[in-house]
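Asks: Got a structure for you, written out below as structure tokens; questions coming shortly.
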Amino acid sequence: MTPTYDKVHNRFKFNGLHFNHDELKEVAYSLIKEGKAYEKVTGDFLIDWLNKEDHLYVTTSGSTGQPKQVKLKKQAMVNSAIATGNFFGLEPGDTALHCLPSHFIAGKMMFVRALVLGLEIDFVEPAAQPIFDYEKVYDFCAMIPLQLKYTISYIHNIKTIIVGGSKVTKPLLEKIKGCDARFYETYGMTETVTHVAVRSLESKSGEREPYFNALEHVTFAQDDRKCLVIKAPKLVKETLITNDIVELQSPTSFKLLGRFDNVVNSGGVKLFPEQIEDKLQPVIKQRFIIGGEDDATLGEKLILIIENPTDSTADILKEIQGLKTLSKFEIPKKIYTIDKFSETVNGKIQRKKTIKAVLSS
């Protein structure tokens with residue numbers, strides 16, 4: 001029998017204590033009234049989850065456009081939790097560390113997984129460097145790359161860590177290789193009720209997978225732009241057409257190439273900023289992005305924007321030109337610097353806004 005959103009699993013625990021449906025409401029009110037800022041947000045979510053409505057509204061992060069409110073069915077969120085539990089083999093009584101903010105879908109879904117699957121969840125402040133019991137064994141945890149970067153020395157007792165929200169950089173991938181945990185990069189969005197596909201990253205316990213693999217009841221296709229089309233009837237009724245250009249290996253696996261709206265067409269050559277950024281990571285220490293600028297000859301020319309660099313642009317360009325991994329088309333025609341990137345409230349770079357700010361200054 002499929003669990004429903006109006007039930008709390010009898011093995012669910014929140015910070016060491018079991019609560020039933022009504023008791024959890026009291027906890028939520030207490031968090032709103034007496035809790036810290038991040039706890040108040042969690043209390044608000046729990047009140048929304050525990051009411052009689054069959055849906056709730058979630059705000060998107062705004063990394064690919066203006067933040068917007070998305071209406072999600074609570075049963076779809078339950079179905080997502082079950083799919084995650086089945087993929088990772090989560091069982092009632094398993095322990096989970098929750099260190100994500102409850103504003104967005106990823107943080108909300110950690111609670112839903114615990115409520116539905118009967119997990120014992122420890123909720124800590126969603127800081128850049130979360131503070132938790134480093135000696136306690138956790139079966140499952142979700143982090144953004146920034147959190148993983150700052151806690152890499154303290155995760156020896158976490159068995160499975162999913163990483164999402166932004167790109168996992170090459171330096172972080174190298175550090176992960178020496179860790180005992182199993183790591184998975186996730187693919188998803190608010191509209192798909194968090195992740196619909198994952199890929200294993202290389203560590204002592206796992207091998208690197210180049211392709212994202214679908215969770216149960218999810219299939220993929222491509223439109224005429226080569227962009228990913230998602231069919232996930234248990235999560236969202238309509239077919240979702242994304243702006244993510246992919247290499248489709250099968251109806252359940254794909255490789256992510258870049259965003260359609262980020263592609264730079266320079267002299268008829270289509271350049272994928274995300275792929276070029278991967279190649280540039282070894283020679284640029286600070287945060288940076290690749291973009292396009294209008295050009296009379298090429299239509300668009302490739303540009304590089306670096307946040308507060310310590311080296312001169314001439315030295316950086318020299319390093320870039322020495323990279324054997326770059327084609328001649330992938331070498332930026334111009335390098336700009338900026339003191340601070342435009343960001344979403346949860347720290348994601350707003351690519352279009354940053355490029356516009358640089359080119360209009």
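Asks: Given H placed on each backbone N at 1.01 Å, which residues far from Gln222 in sequence or on other chains put an amide H within less than 5 Å of it?
Replies: The list, which skips near neighbours in sequence, is Val229.
Asks: Related question: Run the numbers for Asn51 and Lys255: contour at 0.36 nm per residue of separation, minus the present Cα-Cα distance, in nm.
Replies: Extra length from Asn51 to Lys255 when fully extended: 69.5 nm.
Asks: Can you list the lysines whose alpha carbon sits under 20 Å from that of Lys33, skipping same-chain ones fewer than 8 residues off?
Replies: Qualifying lysines at Cα under 20 Å: Lys25, Lys108.
Asks: Quick one: pull the percent of accessible area on region 1-93 belonging to carbon and sulfur, 1.4 Å probe, ligands and nucleic acids left out.
Replies: Of all accessible area on region 1-93, carbon and sulfur atoms account for 50 percent.
Asks: Pulled fully out, how much extra length does the chain show between Val70 and Ser312, if you take 0.36 nm times their separation in residues and subtract their Cα-Cα distance?
Replies: Full extension of this stretch gives 82.8 nm more.
Asks: Same structure again: Please report, in debye to the nearest 20, how large the charge dipole of the chain is about its Cα centre when each Lys and Arg carries +1 at its beta carbon and each Asp and Glu carries -1 there.
Replies: Here the size comes out at about 600 debye.
Asks: Return one number: the angle in degrees, 0 to 90 and rounded to the nearest 10, between the long axis of the Cα atoms of helix 74-88 and the longest principal axis of the Cα atoms of the chain.
Replies: 80
Asks: Now for a different question. Can you return the aspartates and glutamates within cross-link range of Lys353? Criterion is Cα-Cα under 15 Å, with same-chain partners fewer than 8 residues away left out.
Replies: Excluding near neighbours in sequence, the set is Asp261, Glu293, Glu307, Asp339, Glu343.
Asks: Now, a different point. Among Lys324, Lys175, Lys25, whose mean-square fluctuation peaks in a Gaussian network model of the chain (Cα, cutoff 10 Å)?
Replies: Comparing Lys324, Lys175, Lys25 in the GNM, the peak value goes to Lys324.
Asks: So, one more: Listed highest first by mean packing, meaning other Cβ atoms within 10 Å per residue, what order do 181-194, 154-167 come in?
Replies: Put in order of decreasing packing, that is 181-194, 154-167.
Asks: From the protein chains alone at 1.4 Å, what is the descending order of accessible area for Arg11, Arg259, largest first?
Replies: Ranked list, largest accessible area first: Arg11, Arg259.
Asks: Within region 285-334, count lysine pairs with alpha carbon atoms under 14 angstrom apart where the residues are 8 or more positions apart or belong to different chains.
Replies: Count of close lysine pairs: 6.
Asks: Restricting attention to region 15-105, which GluC sites (Glu not before Pro) occupy a DSSP loop and are surrounded by at most 16 other Cβ atoms within 10 Å?
Replies: Hits after loop and neighbour filter: Glu53.
Asks: Still on this structure, I have one more. Ile152 versus Asp295, label points 7 Å from Cα toward the beta carbon: distance in nm?
Replies: 3.4
Asks: How large are Rg and Dmax for region 1-106 when only the alpha carbon atoms are used, in Å?
Replies: Cα-based Rg and Dmax for region 1-106 come out at 14.5, 40 Å.
Asks: Which value, in Å², gives the accessible area per residue of the chain when a 1.4 Å probe is used on the protein heavy atoms?
Replies: Per-residue value: 49 Å².
Asks: I would also like to ask the following. Applying 1/(1 + (r/R0)^6) with R0 = 35 Å to the Cβ-Cβ distance of Ser166 and Lys33, what FRET efficiency is obtained, to the nearest 0.05?
Replies: Between Ser166 and Lys33 the formula returns 0.55.
Asks: Under 1.5 on a/c is rounded, so check that first for region 256-361, then, if it is not, pick prolate when a/b is larger than b/c and oblate when it is not; a ≥ b ≥ c are the square roots of the alpha carbon gyration tensor eigenvalues.
Replies: Since a/c stays below 1.5, the shape of region 256-361 is classed as rounded.
Asks: Next question. For region 136-262, with the dipole built from +1 on Lys and Arg beta-carbon atoms and -1 on Asp and Glu ones, taken about the Cα centre, which of Ile230, Leu240, Phe183 lies farthest toward the positive end?
Replies: Toward the positive end, the furthest listed residue is Phe183.
Asks: Moving on. Tell me the label only: which of [x] 16.5; [y] 20.6; [z] 19.2 is mean projected area of the Cα convex hull in nm² as calculated from this structure?
Replies: Checked against the structure: label [z].
Asks: With an 8 Å cut-off on Cα pairs and a minimum separation of 6 or more residues, tell me the relative contact order of region 1-64 in percent.
Replies: Result for region 1-64 is 24 percent.
Asks: Between Ser327 and Lys7, what FRET efficiency follows from the Cβ-Cβ distance if R0 is 41 Å, with the result rounded to 0.05?
Replies: The calculated FRET efficiency here is 0.15.
Asks: Which entries in Lys13/Lys52; Lys231/Lys279; Lys68/Lys170; Lys255/Lys348 show an alpha-carbon gap greater than 24 Å?
Replies: Over 24 Å Cα-Cα: Lys231/Lys279; Lys68/Lys170.
Asks: When the helix-only estimate is applied to the chain (DSSP H runs of n ≥ 4, each -39,500 (n - 2.57), divided by the residue count), what is the mean residue ellipticity at 222 nm, nearest 500 deg cm²/dmol?
Replies: One gets -8000 deg cm²/dmol as the mean residue ellipticity at 222 nm.
The values are calculated or read from the model by the stated rules, or taken from the named source; none is laboratory data. Since we're looking at a predicted model, the values are computed, not measured. Neighbour counts are summed over all protein chains in view; Cβ atoms, including those assigned to glycine, are modelled from backbone coordinates with ideal geometry. Only protein heavy atoms, including side chains, enter the accessible area calculation; ligands, DNA and RNA are left aside. Shrake-Rupley method; radii C 1.70, N 1.55, O 1.52, S 1.80 Å.
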